[in-house]
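In what follows, a structure is listed as structure tokens, so that the remarks can point back to it.
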Amino acid sequence: MTTLVFGHKSPDTDATGSPIIWAWYLNEVKGGEAEAVLLGEPNTEAAFVLTRWNVPKPRIIEDVEAGQACVIVDTNNPAELPASIGGADVRQIIDHHKLAGGLETKRAIDITIRPLACTATILYDLIGDDTAKMPDWVRAMALSCILSDTLEFRSPTTTDHDKAVAEDLAHELGVSIPDYAAELFAAKSDVSAFSDAELLRMDSKTYEVDGTKFRVSVLETTAPSIPLDRKAGLMAAMETVAKEDGVDQVLLFVVDIIAEEATLLVPNDLVKGVAEKSFAASVDGDTVVLPGIMSRKKQIIPNLKV
């Protein structure tokens, strides 16, 4: 049986590239049968990476069949996985997020969760000496994932090891990190083709705080004026998205990669209270700037209060 390798829903660059990297390893190094698949359309940056390095877009799946062999990367949260994941034969999890719990497997499995900024960094370490066998397009997937997840080393999640691996990969590829990162972020910032609801779901995770369910959405961009000019539409769409997705509130953080700050949209008193209690912010109006806030995983989610 072919093993499916996939990341989380609403795939970003890491959740697109890491399945491709690991499927290559399982096929070409370990001699198995594996296929990288996606749980949705890749975001604009991930789509750019695939085109830039001439890598075919993986097949998109809606669910998994009972007994399907699979490897999960870049998440361990059942809410971000196919509805029938409990019936699948999960054989391995490789991740860099906190342990979410709730995922039940059919057997003892190999789990690797490390406090690094990017899953691709962990994959690179696990592949070990066999990284010498990586073709350039696999190296490019890994470099792209690391630069995306670290925001070119600006994110507080960045470790020295993530940076060292990225620098080695860039050297092997003959790529300038600043120039390539600029290409990535330009692609990430182009959200013109997406509806307001699609933007709210594009890079988002559900999280509950003291009984209040949030969809925590992040838009990372070098041109924050583009999504912020759509503020009225985005705030109007929040109510619809919250109702359809079974949450109480959508929180949207527009992360300015260059200025290293986030702007939180404040559509109501609930979000105003969240901003004040979580980030010691003074809110006056329907947005608030949060200096230094770059990471949902390290700075937003752990600090949320209602």
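Read the figures in this text as sums done on the coordinates, not as results from a lab. Computed from a prediction, not measured in an experiment: that's the story for all the values here.
Computed values, structure above
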| quantity | calculated |
| --- | --- |
| Extension gain (nm, one decimal) between A100 and D63, 0.36 nm per residue minus Cα-Cα | 11.3 nm |
| Within straight-line cross-link reach of K213, aspartates and glutamates at Cα separation under 16 Å, skipping those fewer than 8 residues along the same chain | E80, E239, E244, D245, D248, D269 |
| Whole-Hz couplings from phi, Karplus 6.51/-1.76/1.60, listed for the stretch 139-151; x for Gly and Pro | 4, 5, 4, 5, 4, 4, 4, 5, 5, 5, 5, 8, 6 |
| With Cα atoms, 0 to 90° folded angle of helix 177-189 axis to the chain main axis | 60 degrees |
| When the stretch 196-303 is reduced to its Cα atoms, the Kirkwood hydrodynamic radius in Å | 13.6 Å |
| Most mobile of K272, K188, K30 in a GNM of the chain (Cα contacts under 10 Å) | K30 |
| Links that overshoot a 20 Å alpha carbon limit, given the list K57/K98; K163/K205; K98/K298; K9/K305 | K57/K98; K163/K205; K9/K305 |
| Mean projected area (nm²) of the alpha-carbon convex hull when the stretch 14-144 is viewed from all directions | 7.8 nm² |
| Rotationally averaged projected area of the chain (alpha carbon convex hull; nm²) | 15.0 nm² |
| Degrees between helix 231-245 axis and first principal axis of the chain (Cα, 0 to 90, nearest 10) | 60 degrees |
| Between the stretch 1-39 and the stretch 195-213, the Cα center-to-center distance that results, in Å | 25 Å |
| Rg ratio (alpha-carbon, reference 2.2 N^0.38 Å) - the stretch 57-119 | 1.09 |
| Beta bridges per DSSP with both ends in the stretch 3-187, % antiparallel, nearest 5 | 0 percent |
| Normalised convex hull volume, the stretch 156-237, alpha-carbon set, Å³ per residue | 131 Å³ |
| Backbone HN-Hα couplings from phi across the stretch 92-102 [Karplus 6.51/-1.76/1.60, Hz, Gly and Pro as x] | 6, 10, 10, 8, 10, 9, 5, 6, 7, x, x |
| Rel. contact order, % - alpha carbon contacts under 8 angstrom, at least six apart, the chain | 13 percent |
| DSSP bridge pairs, the stretch 196-303: antiparallel proportion in percent, nearest 5 | 65 percent |
